[in-house]
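The values are calculated or read from the model by the stated rules, or taken from the named source; none is laboratory data. This one's a predicted model, so the numbers in the text were calculated from it and none came from an experiment. All Cβ positions, glycine included, derive from the backbone under ideal geometry; neighbour counts span all protein chains shown. The accessibility values were calculated without ligands, DNA or RNA, using every heavy atom of the protein model including side chains. Shrake-Rupley method; radii C 1.70, N 1.55, O 1.52, S 1.80 Å.
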Amino acid sequence: MDNILKKNISIEKEIDDFLNQFSEAGLLFKSGVDIYLSGKKDRFQKTIDEITQIEHKGDALRRSIEEKLYRKTLIPESRGDVLDLLESLDALLDRFKGALYRFDIECIEIDPKFHDDFKELVRNVVNASEALVQSSRSFFKDISSIANHMHKVSFWETEADKISTMLQKRIFKQNEMRLSQKMQLRDFVRHVDKIADRAEDVADDLSIFVIKRSL
């Protein structure tokens with residue numbers, strides 16, 4: 001139950017870098033939503049460019065890690081689980097980028113009365129993803145500490161669900177809004193909330209990987 005990479009410094013560093021990219025994508029997503037709501041379009045475009053670069057770097061790191069795992073025949077007993085985890089995290093990183101692009105493409109109008117709720121939803125979603133990052137680091141480096149982080153993924157996912165439900169109810173109570181506007185906002189709220197849902201799914205898979213390593 002020690003370091004799963006058995007002190008292979010090269011691949012351990014790449015996994016650290018990959019997890020850093022994932023964590024930074026979450027922070028950029030949060031920052032990007034704040035910037036969008038403040039109406040600073042130039043800065044928002046810059047954030048999209050930055051998160052796109054991070055997504056590309058994350059893809060490159062994942063492919064490099066996968067190649068090393070196969071070429072150097074590392075951790076054959078856990079290789080499949082590690083590959084599944086990396087691919088799931090990479091897909092989540094792409095969801096952050098996709099959500100910002102959806103803002104840009106659809107030019108979503110969000111009434112200021114909803115801004116605080118949107119920010120809280122995003123904050124909970126990013127907290128869930130960051131707890132998943134910390135859980136993943138523990139999986140690779142110190143599995144005995146993973147319980148300190150895993151439960152936080154579910155906690156923040158539940159908080160995100162609460163805000164999502166409340167926000168959707170508020171949206172549909174607005175008589176002055178067209179139905180099409182309400183539906184667009186509802187769909188986007190769900191889209192953001194699903195990032196936390198998926199983070200919890202990955203955490204559930206990770207808990208199974210942990211059990212398998214203990215056998």
task: Subtracting the Cα-Cα distance from 0.36 nm times the residue separation, let me have the gained length for Asp197 to Asp49 in nm, one decimal.
output: 50.7 nm
query: Averaged per residue, what accessible surface does the chain expose to a 1.4 Å probe, in Å²?
result: 49 Å²
message: Need one number for the chain: average projected area of the convex hull over its C-alpha atoms, nm².
response: 11.8 nm²
statement: Semi-axes a, b, c in Å (a largest) for region 8-47, each sqrt of 5 times a Cα gyration tensor eigenvalue, come to 31, 8, 4
- line: Given trypsin sites (Lys or Arg not before Pro), DSSP loops and at most 16 other Cβ atoms within 10 Å, the longest exposed-site-free stretch of the chain is 73-172
- request: Could you grab the relative contact order for the chain? Cα pairs under 8 Å, six or more apart, rounded to a whole percent.
  value: 27 percent
- request: Could you pull the accessible area for Glu109 with a 1.4 Å probe, rounded to 10 Å²?
  value: 140 Å²
- prompt: What distance in nm separates the simple spin-label points at Glu67 and Ser144, each placed 7 Å from Cα in the Cβ direction?
  reply: 3.7 nm
- prompt: When the solvent-accessible surface of protein heavy atoms is calculated with a 1.4 angstrom probe, in what order do Ser144, Ser164 fall, highest first?
  reply: Ser144, Ser164
message: Less than 9 Å Cβ to Cβ from Ile51, Lys/Arg counted +1 and Asp/Glu -1: what total charge do the surrounding residues give?
response: -3
task: Kindly provide the helix-only [θ] at 222 nm of the chain, computed as the sum of -39,500 (n - 2.57) over DSSP H runs of four or more divided by all residues, to the nearest 500 deg cm²/dmol?
output: -29500 deg cm²/dmol
query: How large is the convex hull of the Cα atoms of region 127-190 per residue, expressed in Å³ as a whole number?
result: 61 Å³
query: For region 19-67, what is the largest minus smallest coordinate of the Cα atoms on each principal axis, given in angstrom and ordered from greatest to least?
result: 43, 15, 9
statement: Residue span Leu179 to Asp205: 0.36 nm per residue of separation minus Cα-Cα distance leaves a gain in nm of 5.5 nm
statement: Sorted by accessible surface (1.4 Å probe, heavy atoms of the protein chains only), largest first, His56, His191 come out as His56, His191
field: Relative contact order [Cα under 8 Å, 6+ residues apart], region 76-173, whole percent
entry: 26 percent
- request: Measure off, as a whole percent, the carbon and sulfur share of the 1.4 Å-probe accessible area of region 2-213, all protein chains present.
  value: 49 percent
Above-threshold pairs, the threshold being 32 Å between Cα atoms, out of Lys41/Lys173; Lys57/Lys152; Lys41/Lys141; Lys57/Lys141: Lys41/Lys141
